[in-house]
Amino acid sequence: MASKKGVRLIITIECTECRTNTNKRSPGVSRYTTSKNRRNTTARLEIKKFCPHCNTHTVHKEIK
């Protein structure tokens with residue numbers, strides 16, 4: 001019996017500024033988990049979210 005894969009899938013998004021910014025408030029990389037619909041959004045997701053390490057709103061991109 002084969003199990004079906006759902007339409008929604010859980011992804012991880014990571015801050016793009018944490019890797020290059022050396023003048024951060026605290027060390028580390030900000031990561032969030034969210035879900036996306038794989039039929040409607042086939043490309044990698046980019047969301048502007050708050051990064052507690054950079055202490056500002058930055059672009060977070062989907063990682064694999």
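Of everything in the stretch 1-34 that is among the hydroxyl-bearing types (Ser, Thr, Tyr) and exposed (fewer than 12 other Cβ atoms within 10 Å of the Cβ), the residue that is nearest to Ile63 (Cα to Cα) is Thr33. For the stretch 40-58, a residue qualifies if it is among the hydrophobic types (A, V, I, L, M, F, W, C) and in contact with a Lys or Arg (Cβ under 7 Å, 6 or more places away or on another chain), and the qualifying residues are Leu45, Cys54.
Since every read-out is calculated from the coordinates, none of them should be taken as a lab result. Note that this is a predicted model, so its numbers are computed, not measured. Reconstructed Cβ throughout: ideal geometry from the backbone, glycine too, with neighbour counts over all protein chains shown.
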